[in-house]
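The block underneath contains the structure these notes are about, expressed in structure tokens.
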Amino acid sequence: LAAIQLTPTCAGIDVMPEHGYCVVQSSQIMHILYPDSRQGRSFHRGQFVMALRGHAKQVLGADVIKATVNELIECQHTKQVLGVHATWPNSTERESFLADLVIIADRCFSNFRNAVMGKALRESSTRNHFCSVIPKDTQLPMPQHSTVGLVQGHGSVLLYQILEHDTCMLVAVKHPVPHDLKGHILRDIVPQLPASLHVAIHEALDRDCIRRMPNSFLPAVEQGGKYTKQGTILLGDTWNMHHPLTGGGMTITLHDVVILSKLLANVNFCNWDQMSNLLGNWYWSRKLLSLMINILSFALYDLFGADGEHLAVLQKGCFKYFECSGECVHGPVSLLAGISPSPSLLAYHFFAVAFYSIWVMFFHPRPVVNESDSDKPLMVSPQLWEYPGLVVRGMKVLWTTCVMFGPLLWSEIRWW
């Protein structure tokens, strides 16, 4: 249903087909296709948002007003939200707009989240930042594929085409952000990317300012309870934030809108007991997809960052796991694309990668220093006398997996 509704929106803007992912690490390239010949679409976010607004304006009975909301209007006795105070553009004049239901979607830096959620609010945490530039006429390693570059010691770099001549490049930067951000990217990031990208990235850094955005985590909390304000609903990043590495934020929000619009079709907005039950149904109806994407977003960031020897074992095992092809690729990509919203499938592949990583550590050859030629390391399988140490290390790898997965799962399934 969501795909059918979005088809005319995408038809009116520049969209680029995406057939899967190209994961690059040093000289290794991993090709990951979407299952069942499915395709994704990449586009300029601004164009897509304006197209969505254009279609919203065509809805029968919809009035579009452009103003800045300053304050929520609340009932003095019940504290229920009755509307908003807003200021017209280029004016200090304030006007009141009343409504039976106010939906708030003012993104991650919300001015109203605290007031609406009250004691039910969970604190957001900033894990790192994404810095972006737009290289021109970039030759990606695999055309019509999103490129994920794994940079040793610095995390991940995403590149995907948004226009015929424009490619969006997102660089994960750990907190705190380096003072010389341009120098950090040129010195530490670009040399580890494919050579075909270097010139375009250098030109983009010389031409454009680097934009940056914090990557925050904010678990969703059920709305409509005794601590949240009546008469209003939070939506999008205002309510639930996740790492943008997987691009799942838009997937979750559009999925939320589809479910919520169906539930709101036949309900009395003034009957808050009825609305409270509706919001509870919405929260649990969306949970399978949101839980899966939220967990994947931060788990994959930690894995691709590989900041530690045990995470490095998991990263290597993940590459080897994908090389097995078949369900080892089909399952994870179906999860990543939101095609198969199954927490049990997520847990299965998550720990399958962990156990396979331990297997690789025991039985696959690893590089060791070649005394005769230091530039060409030897590939040697672990010796029998190394196994006791590897058993201990394998237990630590499994513990690291549980530490990655457990807290994220707990933050999603707790209901109080």
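The values are calculated or read from the model by the stated rules, or taken from the named source; none is laboratory data. Quick caveat: nothing in here was measured; it's all calculated off a predicted structure. Heads up, the Cβs are rebuilt from the backbone with ideal geometry, glycines too, and the neighbour counts pull from every protein chain shown. These area figures cover heavy atoms from the full protein model, side chains too; ligands, DNA and RNA do not enter into them. Shrake-Rupley method; radii C 1.70, N 1.55, O 1.52, S 1.80 Å.
Quick notes on this structure:
- Applying a threshold of 27 Å to the alpha-carbon distances of 226/287; 182/376; 316/396; 119/287; 136/320 flags 182/376; 136/320 as lying beyond it.
- FRET efficiency estimate (nearest 0.05) - Cβ-Cβ, residue 376 to residue 31, R0 22 angstrom: 0.25
- The calculated FRET efficiency for residue 85 paired with residue 339, based on their beta-carbon distance and R0 = 41 Å, is about 0.45.
- Answer label, with percent of Cα pairs over 28 Å apart calculated from the coordinates and candidates (1) 66; (2) 50; (3) 55: (3)
- Cβ distances below 4.7 Å define possible disulfide partners, and in the chain the cysteines left without one are 10, 22, 75, 108, 131, 168, 209, 270, 318, 402.
- Simple label model, 7 Å out from Cα along Cβ direction - residue 414 to residue 268, nm: 3.7
- Directionally averaged projected area (convex hull, Cα atoms, segment 306-413), nm²: 8.5
- A 1.4 Å probe run over the protein chains yields, for the chain, 53 Å² of accessible area per residue, whole-number rounding.
- Put a plus charge on the Cβ of each Lys and Arg, a minus charge on the Cβ of each Asp and Glu, and nothing anywhere else: the dipole of segment 111-262 about its Cα centre is then about 700 debye.
- By accessible area, using a 1.4 Å probe on protein heavy atoms only, segment 23-79 has 50% of its surface on carbon and sulfur.
- Cα-projected label distance for residue 196 with residue 132, points at 7 Å along beta-carbon direction, nm: 2.4
- Approximating the spin labels as points 7 Å out from Cα along Cα→Cβ, the residue 10-to-residue 284 distance works out to 3.3 nm.
- Between the Cα long axis of helix 248-264 and the first principal axis of the chain there is an angle of about 30°, rounded to the nearest 10.
- Shape class for segment 1-52: oblate, because the ratio a/c of the largest to smallest gyration tensor axis (alpha-carbon atoms, square roots of eigenvalues) is 1.5 or more and b/c is at least a/b.
- Within the accessible surface of segment 306-413, defined with a 1.4 Å probe on protein heavy atoms only, the carbon and sulfur portion equals 68 percent.
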